[in-house]
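To keep things clear, I will list the structure first and then write my remarks on it.
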Amino acid sequence: MSNDLDQQCINLLRFLSVDMVQKANSGHPGLPLGAAPMAYALWTKHMKYHPADPHWADRDRFVLSAGHGSALLYSLLFATGYDLSLDDIKQFRQWGSKAPGHPEYGHTPGVEVTTGPLGQGLANAVGMAIGEAQLAASYNRDGHAIIDHHTWAIVSDGDLMEGVASEAASLAGHLKLGKLICLYDDNYVTLSAGTDMTFSEDRAARFDAYGWQTIHIDDGNDVDAIHAALRAAREDTSRPSLILVRTHIGFGSPEQDSYKAHGSPLGVEDVKKTKQNLGWPVEPDFLVPEPALAHMREAQDRGAKAQDDWNGRLDAYAKAFPELAKELRGRLRGEIPAGWDADIPTFPADAKGTSTRAAGGKVMNAFAKKLPALCGGSADLDPSTYTALKGLGDFNPPTTPNEDTEGSDGGGWTRAGRNFHYGVREHAMAGISNGLAAHGGFIPFDATFLIFSDYMRPAIRLAALMGIHVVHVFTHDSIALGEDGPTHQPVEQLASLRAIPNLTVIRPGDANETAAAWKVAVESKDHPVLLALTRQNVPTLDRTRYASADGLRKGAYVLSDGKNGKDGKPSLILIASGSEVGLILDAADKLQTEGVAVRCVSMPSWELFDAQPQSYRDEVLPPGVTARLAVELGTSQGWDRYIGASGAMLGIEHFGASAPAEVLLREFGFTTDNVVKRAKALLAR
């Protein structure tokens with residue numbers, strides 16, 4: 001075994017990873033063998049962290065975007081002294097293990113985000129770098145650099161192939177995120193082939209064009225060259241950096257430079273040969289030489305000293321700027337300020353009404369100044385989604401003379417701006433929002449048309465998997481957007497999004513339900529929330545006649561009730577979400593005049609309703625009333641759980657068409673007369 005301490009530590013990381021994968025008989029040994037030197041250099045000389053406090057606010061963030069190489073990350077976390085033991089990593093990829101197959105946020109101390117779907121981690125890292133820059137500009141003052149950290153990532157060929165990474169990297173270059181530094185594990189190999197098969201572009205030139213600094217390292221085992229590159233990257237604060245490190249996948253193994261080393265255990269004999277080739281004892285498995293461990297665990301003292309220093313600076317800052325310090329501490333703890341919602345309007349009854357997207361914009365701007373953690377933006381659709389935070393600044397590099405600032409939301413171009421302009425980059429927008437939420441100090445929102453949630457779905461799913469606080473605002477939520485036609489008209493999207501576990505989907509029925517929906521969205525700290533809002537106007541209900549919109553908090557509630565004289569129960573229940581709520585109320589009025597006892601239920605959120613006690617759910621939808629008609633401008637998938645075997649659904653099981661909204665609604669049967677007709681047919685069964 002080498003007596004060189006650097007080499008001993010690098011091989012410690014390599015062979016803990018190899019032994020993990022071999023014991024589990026599952027995993028990816030190739031990346032750890034090739035990338036261990038760059039990870040070692042970063043974690044021992046350049047990255048600021050404290051293993052005893054993985055949530056320290058001013059730590060550097062590290063993202064293993066190439067999440068399939070998770071064994072390397074677990075080796076780093078164990079070796080530097082996080083709450084991840086040798087016994088834990090020996091249970092790699094096993095039931096209940098703290099070392100799952102891919103890194104999982106909230107599951108393993110020291111893991112910043114869930115990665116594995118390639119490209120997502122790079123987008124998350126961009127979000128974290130944006131978060132650091134926005135907080136620093138908002139709270140740092142002369143002589144008081146309270147927020148001052150870097151975001152680091154290790155990315156792979158697969159990451160750079162994914163479209164989401166291209167979107168995110170393009171925006172990062174535009175925003176000049178100088179504290180974002182990515183190490184590219186440039187090993188010329190993917191899971192099934194060499195990169196010559198599919199990936200021949202000049203990656204450095206591509207990132208140069210994005211506005212990044214690019215640095216080449218010809219030998220991924222040259223630790224001195226890696227240190228020099230990391231220093232150079234830190235020194236350039238005006239551009240993000242991509243360090244292209246020429247590595248060899250499966251370094252030292254018989255399958256070095258082959259895709260065979262990528263995604264399968266090496267096998268007992270090849271593990272033995274690899275250890276022999278690199279001068280590591282064949283036995284025992286999971287060998288931890290004391291000199292190497294002691295060196296790696298110097299991170300604990302470095303981290304404690306760095307955090308103690310920061311705590312002292314934070315105390316000095318609090319004395320100089322008590323109100324700012326209080327606000328910052330609250331944001332970093334994820335606290336919601338008291339009275340944040342005091343200025344949310346109550347909308348008066350109005351038969352003509354307003355679109356729920358317009359109501360949403362008014363609600364956001366009513367509380368935004370009292371909730372500084374709320375930051376976000378749209379994918380080039382502010383005028384359509386109504387999500388601009390007026391006068392609160394645009395997150396952008398400061399303007400230069402004669403620069404075109406058309407589209408600014410007011411307040412100037414500044415790092416402290418709370419409006420993020422994503423351009424037409426929906427997928428990156430969602431991934432960046434996840435990074436902001438995981439960074440801490442933010443309630444990020446993003447916005448586009450509901451149809452374009454399809455571009456964002458992988459990141460939406462990861463937000464739900466991580467249980468992080470992101471608000472997705474989707475407008476133009478049905479075929480009633482009209483003339484743009486079926487390419488833009490969502491049909492199956494609501495059902496598809498409702499299928500994602502731990503995602504709360506809310507489709508409010510009028511302006512006051514929209515206000516209630518935003519309250520739920522802000523208060524839902526442990527999962528993402530999706531708001532589906534209309535383009536078209538919908539009536540603002542008279543709440544002196546109908547139940548309070550606060551019923552939205554329970555997912556579904558009785559808006560109006562007609563009871564027959566026999567048993568005091570309704571004969572028919574009409575259920576709707578969103579813009580169809582007004583439609584069922586009109587239909588109920590007609591049916592009531594004909595002596596039908598009709599209950600109308602607004603059901604803006606299945607997830608909120610399903611979380612209620614069975615007693616409440618039975619109160620809203622009495623089991624004995626089986627005549628139930630649900631009305632929604634979307635596919636009927638999933639509604640059977642609420643309408644039951646004897647109920648019926650008025651939905652859309654086909655794509656839309658290009659025509660004015662009122663024509664589409666008439667042609668597809670979303671009229672008062674047709675709802676009445678369908679209800680009577682149901683009662684006549």
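The values are calculated or read from the model by the stated rules, or taken from the named source; none is laboratory data. Note that the coordinates shown come from a computational prediction; the quantities given were computed from them, not determined experimentally. All Cβ positions, glycine included, derive from the backbone under ideal geometry; neighbour counts span all protein chains shown. Just the protein is used for accessible areas: all its heavy atoms, side chains included, with ligands, DNA and RNA removed. Shrake-Rupley method; radii C 1.70, N 1.55, O 1.52, S 1.80 Å.
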Notebook entry, point to check: Structure shown: which of Lys90/Lys260; Lys23/Lys305; Lys563/Lys677 lie over 26 Å apart, alpha-carbon to alpha-carbon?
Noted result: Lys23/Lys305
Notebook entry, point to check: Once Lys and Arg get +1 and Asp and Glu get -1 on their Cβ, which of Trp152, Gly211, Val113 lies farthest toward the positive end of the dipole of the range 61-220?
Noted result: Val113
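Taking the Cα centre of the chain as the origin, how large is its charge dipole in debye, to the nearest 20, when only Lys and Arg (+1) and Asp and Glu (-1) carry charge on their Cβ atoms? The partial results should precede the final answer.
On the way: 64 positive and 84 negative charges, 400 e Å.
Result for the chain is approximately 1920 debye, rounded to the nearest 20.
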Next item on the list: Could you state, as a whole-number percent, how many of the C-alpha pairs of the range 381-529 are farther apart than 26 Å?
Entry: 27 percent
Next item on the list: Please work out the Kirkwood hydrodynamic radius for the range 314-422, using every pair of different C-alpha atoms, and report it in angstroms with one decimal place.
Entry: 15.9 Å
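Treating the beta-carbon of each Lys and Arg as +1 and of each Asp and Glu as -1, no other charges, what is the dipole magnitude of the range 485-531 about its Cα centre, to the nearest 20 debye? Provide the component values of the computation, followed by the final result.
Numbers: 4 positive and 5 negative charges, 13 e Å.
Dipole magnitude for the range 485-531 comes out near 60 debye.
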Next item on the list: May I ask you to list the lysines whose Cα is less than 26 Å away from that of Lys176, ignoring any residue fewer than eight positions away on the same chain?
Entry: Lys45, Lys48, Lys390
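Taking a ≥ b ≥ c as the square roots of the eigenvalues of the Cα gyration tensor of the range 83-170, is the shape rounded (a/c under 1.5), prolate (a/b larger than b/c) or oblate?
Verdict is oblate for the range 83-170.
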Note to self: Please report the accessible area of Phe668 (heavy atoms, 1.4 Å probe, ligands and nucleic acids excluded) in Å², nearest 10.
What the structure shows: 50 Å²
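Counting Lys +1, Arg +1, Asp -1, Glu -1, what net charge surrounds Thr108 among other residues with beta carbon under 12 Å of its beta carbon?
Values: positive: Lys98; negative: Asp83, Asp88, Glu104, Glu112.
After counting each charged neighbour, the total is -3.
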Notebook entry, point to check: How large is Rg over Rh for the range 571-685, taking Rg from the Cα atoms and Rh as the Kirkwood inverse mean of 1/r across Cα pairs?
Noted result: 0.96
Next item on the list: With unit charges on the beta carbon (Lys/Arg positive, Asp/Glu negative), name the residue among Trp310, Ala359, Ala373 whose Cα is farthest towards the positive pole of the charge dipole of the range 282-385.
Entry: Ala359
Notebook entry, point to check: Mind ordering 413-419, 484-490 by average Cβ neighbours within 10 Å, highest first?
Noted result: 413-419, 484-490
Note to self: If the reach is capped at under 20 angstrom between alpha carbons, list the lysines near Lys554, excluding any in the same chain fewer than eight residues apart.
What the structure shows: Lys519, Lys525
Checklist line | For peptides 17-26, 504-513, 297-306, sequence by mean Cβ density within 10 Å, most packed first | finding: 504-513, 17-26, 297-306
Note to self: Give me the extension gain from Ser258 to Lys677: residue separation times 0.36 nm, minus the current Cα-Cα distance, reported in nm with one decimal.
What the structure shows: 144.2 nm
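Quick check on the chain: helices-only [θ] at 222 nm, where DSSP H runs of length 4 and up contribute -39,500 (n - 2.57) each and the sum goes over total residues. Nearest 500, please.
Numbers: 25 runs with 274 residues, N = 685.
Taking each H run of at least 4 residues, the total per residue is -12000 deg cm²/dmol.
What is the sum of charges, Lys and Arg at +1 and Asp and Glu at -1, for the other residues whose Cβ falls under 11 Å from the Cβ of Leu122?
Numbers: positive: none; negative: Asp159, Glu162, Glu167.
Result for the local shell: -3.
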Checklist line | Rounded Å value of the spacing that divides the Cα centres of the range 169-207 and the range 649-685 | finding: 50 Å
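What does DSSP give for the chain in terms of the percent of beta bridges that are antiparallel, rounded to the nearest 5?
15 percent
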Note to self: Students often check this: by mean Cβ neighbours within 10 Å, which of 127-137, 337-347, 377-387 ranks highest, and how do the rest follow?
What the structure shows: 127-137, 377-387, 337-347
Next item on the list: Output ³J(HN,Hα) for the range 432-447: one whole-Hz value per residue in order, computed from phi by the Karplus curve 6.51 cos²θ - 1.76 cosθ + 1.60 with θ = phi - 60°, and x for Gly and Pro.
Entry: 5, 4, 4, x, 4, 5, 5, 4, x, x, 9, 10, x, 10, 9, 8
Next item on the list: For an R0 of 56 angstrom, estimate the FRET efficiency from the Cβ-Cβ distance between Arg641 and Ala193 and round to the nearest 0.05.
Entry: 0.80
Next item on the list: Of the options Ile506, Thr671, Leu31, report the single residue whose Cα projects farthest towards the positive end of the charge dipole of the chain (beta-carbon charges: Lys, Arg +1; Asp, Glu -1).
Entry: Thr671
Notebook entry, point to check: What is the helix-to-structure angle for 298-320, meaning the angle in degrees between its Cα long axis and the longest Cα principal axis of the chain, kept from 0 to 90 and rounded to the nearest 10?
Noted result: 50 degrees
